[in-house]
Amino acid sequence: MDLKQAARNIRLDTIRCIGSLGAGHYGGSLSIAEVLSVLYFKHMRIDPARPKLEGRDRLFLSKGHAGPALYAALANRGYFPKAKLLTLNQPGTDLPSHCDMRRTPGVDMTAGSLAQGFSCAVGAALGSRLRQDGAWIYAIIGDGESQEGQIWEAAMFAASRKLDHMIAFLDYNGAQLDGAVNDINTLEPVCAKWEAFGWNCIDVADGHDVDAIDRAVCQAKSSAGRPTMIVLHTVKAKGIAKMEGKAQGSHYFALTPEEVEQALKENGGTDHVDA
């Protein structure tokens, strides 16, 4: 599938998914549609028919509140019917607001407190090396999440073990729950920090450019002896014009059914969900 079209489908289904609930983490979900497209529709060695396949590539969504975007990617990749997206966080659902590997096919790690998923990704990368299974381990972290000390502890360990089959992405959309990241606790100079911790760092100026993300992943795979962090400069709530890039209010918000329909139209879709 064309990566731009795959990203568009993920964005549309993310809006439908959260819209079915009325409110949710639109902001940080919509900013990662493109990276999910590149991973699930080009780079990851996976099999939706065998979600627990040994030696498969794995994705650790450490910023767990972006679960709806991951669900949309998994549904589009064929792990479960798209109609299930409309059960987000409902009683008895297999799609809780934060991902649970015991409940959802294709989810590689349960999302807990911020930064824990990144540590789990580092552990999985070490385990993969010990098993010599050839898996690539991917992780997505947030910029607000990067204020957690655990991120940097895990980063230090991964570099010390030279886990060069691990590629992480920083969703650098500039906003967190309480406002602008730079106003709360800036990460700058972000690439210099990751390089100081022993990582290869690649800066992608437009984190919504699937071709640029693809090139960065290919470049990361050729980097020997150290893990890679790919910094994606993204727009929070990308695809919802009234909320795009706002430092305040774009993290978790509600849309009326009419606003959901308008957001879908802005992205060339409708409120219809295929099974």
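The values are calculated or read from the model by the stated rules, or taken from the named source; none is laboratory data. Quantities reported herein were computed from a predicted structural model and do not represent experimental measurements. Cβ sites come from the backbone with ideal geometry, for glycine too, and all protein chains shown count toward neighbours. Calculation scope for accessible area: heavy atoms of the full protein, side chains included, ligands and nucleic acids excluded. Shrake-Rupley method; radii C 1.70, N 1.55, O 1.52, S 1.80 Å.
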Take the alpha-carbon centre of region 158-180, take the same for region 1-63, and report the distance between them in whole Å.
17
Neighbourhood charge, 15 Å Cβ-Cβ cut-off, centred on Gly134 and excluding it, Lys, Arg +1 and Asp, Glu -1
+1
Greater than 32 Å apart at Cα, pairs in Lys42/Lys193; Lys162/Lys242; Lys221/Lys242; Lys52/Lys193; Lys82/Lys236:
Lys162/Lys242; Lys221/Lys242; Lys52/Lys193
For Lys42, Lys4, Lys84, give the ranking by accessible area with the largest first, probe 1.4 Å.
Lys4, Lys42, Lys84
At 222 nm, what helix-only mean residue ellipticity would the chain give, in deg cm²/dmol to the nearest 500, using -39500 (n - 2.57) for each DSSP H run of four or more?
-11000 deg cm²/dmol
Exposure rank, largest accessible area first [Thr186, Thr93; 1.4 Å]
Thr186, Thr93
In Å, what Rg and Dmax follow from the Cα atoms of region 63-110?
9.4, 25
Enumerate the amide H contacts of Gly179 below 5 Å, restricted to partners 5 or more residues apart or on another chain; note that Pro and chain-start residues carry no placed amide H.
none
Could you tally the net charge around Ala72, taking each other residue with its Cβ under 9 Å from the Cβ of Ala72, Lys/Arg +1 and Asp/Glu -1?
+2
Rounded to a whole number, what % of the accessible area of region 117-174 do carbon and sulfur atoms account for, probe 1.4 Å?
53
Take the Cα coordinates of region 131-200, assign each an equal point scatterer, and use the Debye formula without solvent to give log10 I(q)/I(0) at q = 0.15, 0.17, 0.23, 0.25 Å⁻¹.
-0.53, -0.66, -1.07, -1.21
Taking the chain as a whole, which cysteines find no other cysteine Cβ under 4.7 angstrom from their Cβ?
Cys17, Cys99, Cys120, Cys218
Over the heavy atoms of Leu187, what accessible area does a 1.4 Å probe trace out, to the nearest 10 Å²?
10
To make sure I understand the rule: partners must be aspartates and glutamates, Cα under 13 Å from the Cα of Lys246, and not fewer than 8 residues away in the same chain. Which ones qualify?
Asp178
Summed side-chain charge close to Ile213 - residues other than Ile213 whose Cβ falls under 10 Å, Lys, Arg +1, Asp, Glu -1:
-3
Run the 1.4 Å probe and let me know the accessible area of Lys193, rounded to the nearest 10 Å².
70
Taking the alpha-carbon set of region 81-133, what are its Rg and Dmax in Å?
13.9, 40
Which whole-number percent is the relative contact order of the chain (Cα, under 8 Å, 6+ apart)?
23
GNM result for the chain, Cα springs below 10 Å: residue of Ala263, Ala205, Ala237 fluctuating most strongly:
Ala205
Just to verify a number: what accessible area does Val210 come out at with the full protein assembly present, 1.4 Å probe, Å² rounded to tens?
10
Dipole of region 1-89, Cα-centred, from +1 at each Lys and Arg C-beta and -1 at each Asp and Glu C-beta, to the nearest 20 debye?
100
Residue farthest toward the positive end of the dipole of the chain, with Cβ of Lys/Arg at +1 and Asp/Glu at -1: which of Asn173, Asn89, Cys218?
Cys218
Within the chain, percent of DSSP bridges classed antiparallel, to nearest 5:
15
Listed residues Leu74, Leu21, Gly149: farthest to the positive end of the dipole of the chain (Cβ charges):
Leu74
accessible surface per residue for region 171-257, probe 1.4 Å, DNA/RNA/ligands not counted, whole Å² -> 45
